1. It is to be established whether one or more residues within the stretch 90-111 are within 22 Å of residue 54 (Cβ to Cβ) and under 16 Å from the mean Cα position of the chain (by Cα).
2. Test residue 37 against the criterion of being assigned to a helix (DSSP H, G or I), under 15 Å from residue 99 (Cα atoms) and not β-branched (Val, Ile, Thr), and give yes or no.
3. Pull out all pairs, ordered by first then second residue, where Cβ-Cβ is under 7 Å, the residues are six or more apart or on different chains, the first lies in the stretch 30-52 and is without any contact (Cβ under 8 Å) to a residue 40 or more places away in the chain, and the second is assigned to a helix (DSSP H, G or I).
4. Would you mind stating whether residue 145 is of a type outside the set (Phe, Trp, Tyr), more than 14 Å from residue 39 (Cβ to Cβ) and not in a loop (DSSP other than H, G, I, E, B)?
5. Quick check on residue 112: is it closer than 26 Å to residue 42 by Cβ and outside any helix (DSSP H, G or I)?
6. Out of the residues in the stretch 73-117 that are small (Gly, Ala, Ser) and touching a residue at least 40 places away in the same chain (Cβ under 8 Å), which is surrounded by the most Cβ atoms within 10 Å (Cβ to Cβ)?
7. With the structure loaded, tell me whether residue 88 is small (Gly, Ala, Ser), modelled with pLDDT of 95 or more and out of contact with any Cys (no Cβ under 6 Å at 6 or more places or on another chain) or whether it fails that test.
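The values are calculated or read from the model by the stated rules, or taken from the named source; none is laboratory data. All figures in this text were calculated on a predicted structure; none of them were measured in a lab. Cβ: placed from backbone, ideal geometry, glycine included. Neighbour counts: every protein chain shown.
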Amino acid sequence: MKLNKMNRTFVPKNDIGAGKWWLVDADNQVLGRLATEIARLLQGRHKPEYTPYFNNGDFVVVVNAEKIRLTGSKTEQKQYYRHSGYLGGIKEISYPRMLANHPERVIMQAVKGMMPKNRLSRQALKKLKIFKGPEHRHQAQKPEIMHIQGGTR
C-alpha cells in the first residue's frame, strides 16, 4: 500500500526553531487565567505543529509579578506548603506573605501545577522567566507582547 503525502503523520525535528519569545504583563491579571495561558505557550499548544512528546514550546517573560490578583476570598485563604523531608517538617506560608516576599514563586507554582507531571514539563518550565517589576533582562531577544484577556465575569 502506497501512502500519499496527505496521509503521513508530521514528526517534528530538533531544529524546528529555537522558539519565540513572549512578554506577558501580569499587572491586574487573575492568577489562574494567566497561568493557563503561560502553560499553553510553554508547551507549544498554540502551534499547528504541536506534538505531545516533543518540546517545541516558546519562551515566556512575565513582568510585574507582584501585581497579580486572586478572585473571591482566596487572598485570605490560600496557603502554600512545602516539606523538608523530616518528620513534622511541613511548612506553610500564606498568600499575602508569599506575594510580598517572593511574587515570582506564586506564578511559578501556578504554572507548574497546570503542566503535565513529566520530564518534558520540567524542561519547558526552564523557559519561563519571571520578574518582580516592569524591567526584565531579555530585551535582546525582542519578545513579542502577549495580551491575555483576564478578568472577572
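1. For the stretch 90-111, residues within 22 Å of residue 54 (Cβ to Cβ) and under 16 Å from the mean Cα position of the chain (by Cα): present.
2. Here the answer is no, as residue 37 does not meet what is asked.
3. 46/40
4. yes
5. Spelling it out, it is not the case that residue 112 is closer than 26 Å to residue 42 by Cβ and outside any helix (DSSP H, G or I).
6. Going through the qualifying residues, I end up with 110.
7. It is true that residue 88 is small (Gly, Ala, Ser), modelled with pLDDT of 95 or more and out of contact with any Cys (no Cβ under 6 Å at 6 or more places or on another chain).
To keep it simple, each residue is scored yes or no on (1) closer than 17 Å to residue 95 by Cα; (2) modelled with pLDDT of 95 or more; (3) of a type outside the set (Gly, Ala, Ser).
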{"residue": "37", "(1), (2), (3)": "no, yes, yes"}
{"residue": "41", "(1), (2), (3)": "no, yes, yes"}
{"residue": "44", "(1), (2), (3)": "no, no, no"}
{"residue": "57", "(1), (2), (3)": "no, no, no"}
{"residue": "60", "(1), (2), (3)": "no, yes, yes"}
{"residue": "66", "(1), (2), (3)": "yes, yes, yes"}
{"residue": "69", "(1), (2), (3)": "yes, yes, yes"}
